[in-house]
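One structure below.
The values are calculated or read from the model by the stated rules, or taken from the named source; none is laboratory data. It should be emphasised that the depicted structure is a prediction, and the values quoted were computed from it without experimental measurement. All Cβ positions, even for glycine, are placed from backbone atoms using ideal geometry, and neighbour counts span all protein chains on display. The accessibility values were calculated without ligands, DNA or RNA, using every heavy atom of the protein model including side chains. Shrake-Rupley method; radii C 1.70, N 1.55, O 1.52, S 1.80 Å.
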Amino acid sequence: MFKRKWTGIIVGSMLLALTALLGVLKGSVSIDFSALTDTDKNILFYVRVPRVFLSGLVGAALSLSGVLFQYVMKNPLADSFTTGVSASAAMGAVVAIMTGLTGLVPLFAFVAGVIGLFAVYRISTVAGRVQPITMLLAGIVVSTFSSATISFMKYLSDDAVSSIVFWLMGGFQAATFGKDLVLLFALLLVWLLIRREYMALDIICFDDKTARASGVDVDRLRKVSFLVAALLTAFSVGYAGIIAFVGLIVPHVLRLVGFRKADELVPMSMVTGAVFMILNDLVSRTLLPEGQELPVGIITSSLGGGFFLYILVKRKKELHYFA
Amino acid sequence: MLDLRDIVAKRAEFRLSIESLKINRGEMIAIVGNNGSGKSTFLSVLGGLLSYSGIYRINDSEFGELDKKDRHRLISLLPQEGSLSMPFDVFYVVLSGRFPLTDGRCYEEEDYLFTERVMKWLDVWHLRHREFVTLSGGEKQRVLLARALNRDAAILLLDEPLSGIDLRHQYETVEILKQLQRDRIILVVIHDISLALREFDRFLCFKDGRLLYDLSGDEIEAEHIGTVFDIKVNFLKHENGVFIYREE
């Protein structure tokens with residue numbers, strides 16, 4: 001057990017370093033590293049490096065928030081997108097932009113995200129348990145309302161359209177070292193908080209009565225996990241828009257290959273999420289010729305759609321266990 | 001060791017009241033009664049999962065004043081129909097029963113050793129690598145019982161631990177409980193009255209949220225059971241124990 005965890009973390013970290021390096025080296029502009037011009041240096045340090053960091057951090061944050069949502073909702077299909085948190089956080093972000101409070105984007109995103117999350121949680125709870133299918137439906141409801149609100153605001157004001165479209169599709173164009181630092185700080189804080197609760201997180205996967213009888217303060221742990229997961233989502237959405245399904249795909253694949261306990265799953269999800277997102281961003285920057293960029297949300301959404309199909313078709317039985 | 005007076009607990013529309021009850025160390029007690037008569041609510045109160053009014057003492061200290069972690073070290077409660085929503089293996093499920101004995105950060109070597117012993121004892125060791133969710137109902141129940149016993153608690157509150165378990169394992173489980181009985185308090189909700197009459201020393205009979213009878217194994221008669229379950233029954237006494245049957 002011990003061996004698998006550390007092998008995973010070491011291999012994952014090596015992959016992370018490799019993909020990060022690749023992300024810095026590759027881009028729409030090809031750079032000759034033997035003769036760096038001033039423009040090349042600017043591109044590297046003001047565009048690529050902060051961008052690679054941001055994509056890695058967002059990937060880690062979304063994966064971790066996905067793991068936490070799955071623990072708290074006892075539902076393998078929960079993540080920041082399916083719970084409606086991403087869309088409601090994006091709505092909050094758009095409201096902040098429209099009202100000129102651009103500095104408060106993460107705060108607005110957080111408050112709106114928590115409200116959306118609370119709505120989904122209340123709608124989908126039957127007899128103390130979040131029902132997987134009801135949760136997906138409630139997530140659709142909340143996402144639809146949020147998208148409608150965003151569209152309405154888009155209709156009201158033409159000026160901000162391009163930045164609003166950015167929230168809906170997701171991307172790392174707006175990366176700065178400042179944002180990287182804030183997100184890194186938030187991520188570290190959440191990780192330090194959560195790593196003390198690994199054993200308790202595994203125990204809340206039992207029915208509530210068994211978990212309580214095991215000495216876990218279920219209500220407190222649930223509230224804390226919900227809030228920090230919403231916080232991570234809010235920062236991710238605030239800085240990079242809606243990027244769907246990362247928090248669903250990454251933990252699911254990790255569980256499939258054997259990382260199931262929180263003390264393995266949480267760190268592995270962060271590392272793997274970062275690798276996954278840096279690669280996605282790299283593809284989005286280099287896929288189209290002539291330097292055009294594909295919003296990264298489009299790539300993760302198509303991967304996520306395919307993945308959902310895979311779960312529905314191949315792993316129906318497993319869903320049945322959890323239902 | 002357990003001392004309850006004027007206990008009242010409410011859950012939704014349901015109200016449980018117990019005027020006076022004392023239980024000593026070394027007793028193995030059967031809790032019987034109709035569905036919805038208050039058996040599980042009673043165990044929830046004893047296990048600290050449900051708030052109550054009245055006096056509840058363990059070893060002369062007020063239960064409410066005990067540290068929460070100490071409560072769960074002292075008492076192990078097995079709820080009815082436990083379920084799990086993540087694909088953990090059986091060994092980890094049983095190991096996690098020792099959570100209140102840890103510092104909350106990691107399980108120690110001793111926890112692993114004790115878990116192995118308990119699992120072998122309850123004949124679930126061969127299931128250790130299986131995913132819990134793929135087990136049969138009876139296997140799950142035995143694994144969860146092993147999980148509850150793994151805490152090595154002085155007070156065991158077991159809500160229908162024998163339901164869904166095959167005959168051989170039912171007998172073996174009762175034997176294990178009897179071995180544990182000497183320095184513990186064991187309360188078991190049970191529906192197999194014949195088995196209870198043969199193996200248990202004392203009966204707490206619940207009806208409509210009240211403790212109707214508190215009887216020893218020698219005192220309990222067919223009329224008591226009849227009153228508790230609203231049916232006419234009789235005892236058939238045999239050298240191997242007492243059997244119950246319905247009188248037409």
If I filter the stretch B:9-31 down to residues being of a type in the set (Lys, Arg) and under 18 Å from the mean Cα position of the chain (by Cα), which single residue comes out as most open to solvent (accessible area, probe 1.4 Å)?
B:25
Looking at the structure I just gave you, is residue B:128 out of contact with any Cys (no Cβ under 6 Å at 6 or more places or on another chain) and within 14 Å of chain A (Cβ to nearest Cβ)?
yes
Output for the stretch A:57-86, where each listed residue is part of a helix (DSSP H, G or I) and open to solvent by 10 Å² or more (accessible area, probe 1.4 Å)
A:57
Got at least one residue in the stretch A:281-301 being modelled with pLDDT of 85 or more, open to solvent by 30 Å² or more (accessible area, probe 1.4 Å) and under 16 Å from residue A:79 (Cα atoms)?
no
Condition met for residue A:258 (open to solvent by 10 Å² or more (accessible area, probe 1.4 Å), within 13 Å of chain B (Cβ to nearest Cβ) and touching a His at 6+ places or on another chain (Cβ under 8 Å))
no
When the stretch B:52-97 is examined, which residues are found to be open to solvent by 50 Å² or more (accessible area, probe 1.4 Å), polar (S, T, N, Q) and either within 26 Å of residue B:119 (Cβ to Cβ) or within 7 Å of chain A (Cβ to nearest Cβ) (or both)?
B:80
Exactly one of (1) at pLDDT 85 or above; (2) within 21 Å of the chain's Cα centre (by Cα); (3) not charged (D, E, K, R) is unmet by residue A:215. Its number?
(2)
How do the pairs read when you match residues in the stretch A:1-30 that are in a helix (DSSP H, G or I) with residues anywhere that are of a type in the set (Asp, Glu) and open to solvent by less than 90 Å² (accessible area, probe 1.4 Å), using Cβ under 8 Å and keeping only pairs 6 or more apart or on different chains?
A:4/A:264; A:5/A:263; A:5/A:264; A:8/A:264; A:23/A:281
Given (1) among the β-branched types (Val, Ile, Thr); (2) touching a residue at least 24 places away in the same chain (Cβ under 8 Å); (3) open to solvent by 10 Å² or more (accessible area, probe 1.4 Å), index of the condition residue A:102 fails
(2)
Under 30 Å from residue B:4 (Cα atoms) and open to solvent by less than 30 Å² (accessible area, probe 1.4 Å) - does that describe any residue in the stretch B:125-136?
no
Against the conditions (1) open to solvent by 70 Å² or more (accessible area, probe 1.4 Å); (2) touching a Gly at 6+ places or on another chain (Cβ under 9 Å), where does residue A:233 fall short? Just the number, please.
(1)
Out of the stretch B:149-173, which residues are among the aliphatic types (A, V, I, L, M), surrounded by fewer than 20 Cβ atoms within 10 Å (Cβ to Cβ) and not in a loop (DSSP other than H, G, I, E, B)?
B:167
Go through the stretch B:214-248 and report how many residues are surrounded by 12 or more Cβ atoms within 10 Å (Cβ to Cβ), part of a loop (DSSP other than H, G, I, E, B) and either among the hydrophobic types (A, V, I, L, M, F, W, C) or in contact (Cβ under 8 Å) with a residue 24 or more places away in the chain (or both).
1
